[in-house]
Amino acid sequence: MLKLRTRVKEVEMSALIALLIKGGPVMIPLLCCSITSLAVVIERGLFWWRLRPSGEIEQLLTLAAAGNWEDARKFGELSRSPVARVLAAGIRHRNPAPTLAMEAAAHEELTHMRRYLPLLDTVITLSPLLGLLGTVTGMISSFGVMASGGINQPHAITGGVAEALIATATGLGIAIATLVPYNYFAARVERIMGDIERYGSRLELALKEVRP
């Protein structure tokens, strides 16, 4: 059974290598794009999984509304939630300028949440262009064979066409597979920023209602 699985993996690896060879030189940067995209998607997926929703923010606001500033601040600073950490910054600087403190903290949290997203955006844009480049080089190869009298060499001509189609399909496939998680991560960022604005406003009201 183990030998059979090993044999299947070897066959799959050989098929993948053959596909890369048929796709032409442009398959190398496309392979790099796919590996980069997969690595970023896994890293961002783990990042957002650790930030799954909880009731920490409501607990923090309850402490703040009761005037327990130190407990609320410590609770927020130890939280994994970006919203709670932003609120903790506002509580920590509640006397001079809580709004400015929360804005600065929100900007820092936004940087962490958007980490590597520009890289995914680049892969989404670059992959189809690389596929198009493979299409052009494949067609040039086919016409070159025809120009050199290869009209009687159908295998040589179809090889260039295959290179064009494989590169195009690979580029589009990578872009499509990357676009879905990119939009999901971007939507999560926008949702968190909306939560920061909403809960930040509630904290400002609590700061005005409760004497420090």
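The values are calculated or read from the model by the stated rules, or taken from the named source; none is laboratory data. Bear in mind that the values here come from a model prediction, so they are computed numbers and not experimental data. FYI the Cβ positions are ideal-geometry reconstructions off the backbone, even for glycines, and counts take in every protein chain you see. The area values use the complete protein model at the heavy-atom level, side chains included, leaving out ligands, DNA and RNA. Shrake-Rupley method; radii C 1.70, N 1.55, O 1.52, S 1.80 Å.
Structural remarks
- Cβ-Cβ distance of Leu119 and Gln59, R₀ of 35 Å, FRET efficiency by 1/(1 + (r/R0)^6): the value works out to about 0.50.
- In Å², nearest 10: area of Phe75 left accessible to a 1.4 Å probe: 60
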